[in-house]
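Q: Quick one: this structure, given as structure tokens, is what I'll be asking you about.
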Amino acid sequence: MIKKLRKIGLRPYNSSVNFILVNLCERANSRELKEVLVRQYNMLIRDASTFKGLSENYIRIGLKRPEQNDMLIKALNEVLNPC
């Protein structure tokens, strides 16, 4: 999953638990991205801008089954790379 997130231009942090902290690299606002993913794709991510020391460029995603993770990657790619 980390490799796939990097491939679409995001900066995930290595993790040993079932979620990944991701820096959006100023490509999106975490709150707005969360709203788009819920509204258009029925997917929920965590807006990490409320975490102490993080900005609106961070999200946290929970790992699911491989096919669900692939659906999230596809949705992120579509939202962040609309062309």
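The values are calculated or read from the model by the stated rules, or taken from the named source; none is laboratory data. For clarity, every value in this text was computed on a predicted model and none was experimentally measured. Glycine gets a Cβ as well: all are built from the backbone with ideal geometry, and neighbour counts include every protein chain shown. Ligands, DNA and RNA are stripped out before the accessible areas are found, and what is left, the full protein with its side chains, is counted by its heavy atoms. Shrake-Rupley method; radii C 1.70, N 1.55, O 1.52, S 1.80 Å.
Q: Scan region 3-35 residue by residue and report those that are surrounded by 15 or more Cβ atoms within 10 Å (Cβ to Cβ) and part of a helix (DSSP H, G or I).
A: Those that are surrounded by 15 or more Cβ atoms within 10 Å (Cβ to Cβ) and part of a helix (DSSP H, G or I): Lys4, Leu5, Ser30, Leu33, Lys34.
Q: In this structure, does Glu78 turn out to be open to solvent by less than 90 Å² (accessible area, probe 1.4 Å) and either among the charged types (D, E, K, R) or at positive phi (or both)?
A: Yes.
Q: Also, I was wondering about something else. Among the residues of region 37-54, count how many are of a type outside the set (Phe, Trp, Tyr), part of a helix (DSSP H, G or I) and open to solvent by 30 Å² or more (accessible area, probe 1.4 Å).
A: Count: 5.
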